[in-house]
1. Please name all residue pairs, on different chains or six or more residues apart, with Cβ atoms under 9 Å, provided the first residue is in segment 234-245 and is under 14 Å from ILE157 (Cβ atoms) and small (Gly, Ala, Ser) and the second residue is open to solvent by 20 Å² or more (accessible area, probe 1.4 Å) and assigned to a helix (DSSP H, G or I).
2. Within segment 177-205, which residues are farther than 17 Å from ARG246 by Cβ, touching a Pro at 6+ places or on another chain (Cβ under 9 Å) and in contact (Cβ under 8 Å) with a residue 60 or more places away in the chain?
3. Hey, among the residues in segment 100-124 that are in contact with an Asp or Glu (Cβ under 7 Å, 6 or more places away or on another chain) and within 15 Å of PRO44 (Cα to Cα), which one's most open to solvent (accessible area, probe 1.4 Å)?
4. Could you figure out which of (1) over 17 Å from HIS216 (Cα atoms); (2) modelled with pLDDT of 95 or more isn't true of VAL37?
5. Just checking, which of PHE180, PHE106 is among the aromatic types (Phe, Trp, Tyr) and within 23 Å of ARG38 (Cα to Cα)?
6. Identify the residue in segment 99-126 that is part of a helix (DSSP H, G or I) and among the small types (Gly, Ala, Ser) and, among all such residues, is nearest to GLY171 (Cα to Cα).
7. Give segment 205-251 a look and list any residue that's touching a strand residue (DSSP E or B) at 6+ places or on another chain (Cβ under 8 Å) and open to solvent by 90 Å² or more (accessible area, probe 1.4 Å), or say none.
8. Can you find, within segment 172-204, the residue that is farthest from ARG78 (Cα to Cα) among those that are hydroxyl-bearing (Ser, Thr, Tyr) and open to solvent by less than 20 Å² (accessible area, probe 1.4 Å)?
Amino acid sequence: MAKTPRPALLPGGGKQKQRVAVIIPAKDEARRIAATVRAAKAIPHVDLVLVVDDGSEDSTQHVAREAGAVVVRHSHNRGKAAAMETGAAVVAMRDVADRPARLLLFIDGDLGETAVNTAPLVDPVLNGAADMSIALLPPQPGAGGRGIVVGAARRAIQSMTGWTPTQPLSGMRCLTREAFEAATPLARGWGVETGLTIDLLRKGYVAVEVPCDLRHRPSGSDLKGQIHRANQYRDVQLAVGARRMRSAIDALSGSKHSR
């Protein structure tokens with residue numbers, strides 16, 4: 001069962017309806033963001049779709065707004081972690097004090113029409129089976145990676161938490177507000193998902209993986225794709241290294257206090 005407390009019962013024993021906010025960090029996604037927003041709005045329990053335009057140089061913000069999203073914009077590119085934190089902060093401002101905080105469903109801006117297929121991520125968190133659900137994607141046509149970064153992230157998460165994820169770098173995730181805040185500040189760059197998983201599991205939160213039929217723009221095997229994976233590997237190692245160091249410091253501090 002999830003660590004996050006469930007919403008209180010209403011007088012008479014009924015459950016409070018918990019809503020879901022979709023947060024879409026996006027940069028230069030004008031071609032696909034409208035379809036992604038429209039599909040996200042069709043997910044059950046969703047009453048807010050928020051696009052965080054992370055310093056786009058195209059018309060992402062305008063296209064997203066016309067498609068029905070609430071849009072906030074970073075004046076310059078600050079990275080995915082910052083966009084996620086901005087999105088969560090804006091949702092918190094829109095939550096109502098006497099109602100349960102919205103669940104946070106993070107999705108990528110290039111999912112297009114398949115964004116609606118992230119709906120299965122909501123149920124395990126909504127029903128209290130998990131604090132965070134992570135999408136398992138089918139094989140993506142055109143993907144050029146060899147699994148080196150995924151393997152490194154998987155081994156790091158397993159060694160530090162005991163849980164072995166299948167797709168540790170999956171960015172489509174649904175979390176409770178409490179779980180998200182427990183993981184902040186997020187790891188920077190492409191290490192955000194790995195750091196998020198390690199931080200939550202080490203604090204006793206429950207994560208599950210859920211198959212979702214999603215399609216997005218994969219990194220190919222060309223030079224651009226290789227550079228992207230090199231940056232991913234660097235950021236994953238930085239996120240893991242920071243958490244190993246933190247664990248070592250905590251262990252040292254604990255041993256001093258026990259003397």
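1. Qualifying pairs under 9 Å: ALA239/GLY189; ALA239/TRP190.
2. Once the filter is applied, which keeps residues that are farther than 17 Å from ARG246 by Cβ, touching a Pro at 6+ places or on another chain (Cβ under 9 Å) and in contact (Cβ under 8 Å) with a residue 60 or more places away in the chain, segment 177-205 yields ARG177, GLU178.
3. Among residues in segment 100-124 that are in contact with an Asp or Glu (Cβ under 7 Å, 6 or more places away or on another chain) and within 15 Å of PRO44 (Cα to Cα), the one most open to solvent (accessible area, probe 1.4 Å) is ASN117.
4. (1)
5. Exactly one residue qualifies, and that residue is PHE106.
6. So in segment 99-126, the residues part of a helix (DSSP H, G or I) come out as 112-126.
Right, trim to among the small types (Gly, Ala, Ser) and you get 112, 115, 119.
Working: GLY112: 15, ALA115: 12, ALA119: 14 Å.
Checking each candidate, the answer is ALA115.
7. Matches in segment 205-251: PRO211 only.
8. The residue in question is THR176.
The values are calculated or read from the model by the stated rules, or taken from the named source; none is laboratory data. All of these numbers come straight from a predicted model, not from anything done at the bench. Ideal geometry is used to build each Cβ from the backbone, glycine not excepted, and the neighbour counts take in all protein chains shown. Please note that ligands, DNA and RNA were not included when accessible areas were found on the heavy atoms of the full protein model with its side chains. Shrake-Rupley method; radii C 1.70, N 1.55, O 1.52, S 1.80 Å.
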